[in-house]
Amino acid sequence: MKKNNLPSSSLPKGATHIEHDAFAHCGDLEAVIIPDTVTQVGERAFIECVSLRSISFSEGMSEIPLGCCAECLALETITISPTIRSIGYNAFVKCISLPTITIPEGVVSIGEGAFAFCHKLTTIFLPASVMKMGEDVFYGCNALQEIIVPKGCKEKFVKMLPDWQKQIKEK
């Protein structure tokens, strides 16, 4: 399959996994919907898909792996299923077009640098379920204005994200 002529990808029903680097560097890939039959996505599966605008992670998955969508420069929309428990190291690093993200309830861990250098990221919604955040999760996110957390959770997130305490707001 030619990697530079793939505008969208809906994986076939019955697919259970996506290999490491499977769609890496697919310059024309614009949208991905991962079906619920997929339970595992390999590391860097979509790295440097520079035209990728949206991705939806399946309800069959429990983690978004290391570097999964790193350097997807056009990525604007990420849909994370409520079955996801962890977001890996540098999963969305340098997704410079991403304006906002909602992490669903159920996510427990967000890896180091997961959203680092997402220059247009202004708002992120974090659930009460998050218990661990790696270092530099939002490093270089200079536009980040609001980290929205549930009522009663601000103190917990200030401890995890001390450099971002001014942006942490309860709603």
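For (1) part of a helix (DSSP H, G or I); (2) open to solvent by less than 10 Å² (accessible area, probe 1.4 Å), each residue gets a yes or a no:
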{"residue": "Lys120", "(1), (2)": "no, no"}
{"residue": "Ile124", "(1), (2)": "no, yes"}
{"residue": "Ala128", "(1), (2)": "no, no"}
{"residue": "Tyr139", "(1), (2)": "no, no"}
{"residue": "Asn142", "(1), (2)": "no, no"}
{"residue": "Gly152", "(1), (2)": "no, no"}
{"residue": "Lys156", "(1), (2)": "yes, no"}
{"residue": "Lys166", "(1), (2)": "no, no"}
Does Ile18 satisfy the condition of being in contact with a strand residue (DSSP E or B) (Cβ under 7 Å, 6 or more places away or on another chain), open to solvent by less than 60 Å² (accessible area, probe 1.4 Å) and either of a type outside the set (Ser, Thr, Tyr) or at pLDDT below 95 (or both)? yes
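The values are calculated or read from the model by the stated rules, or taken from the named source; none is laboratory data. In this text, all values refer to a predicted model and were calculated from it rather than measured experimentally. Virtual Cβ from ideal backbone geometry, glycine too; neighbours counted across all protein chains shown. These area figures cover heavy atoms from the full protein model, side chains too; ligands, DNA and RNA do not enter into them. Shrake-Rupley method; radii C 1.70, N 1.55, O 1.52, S 1.80 Å.
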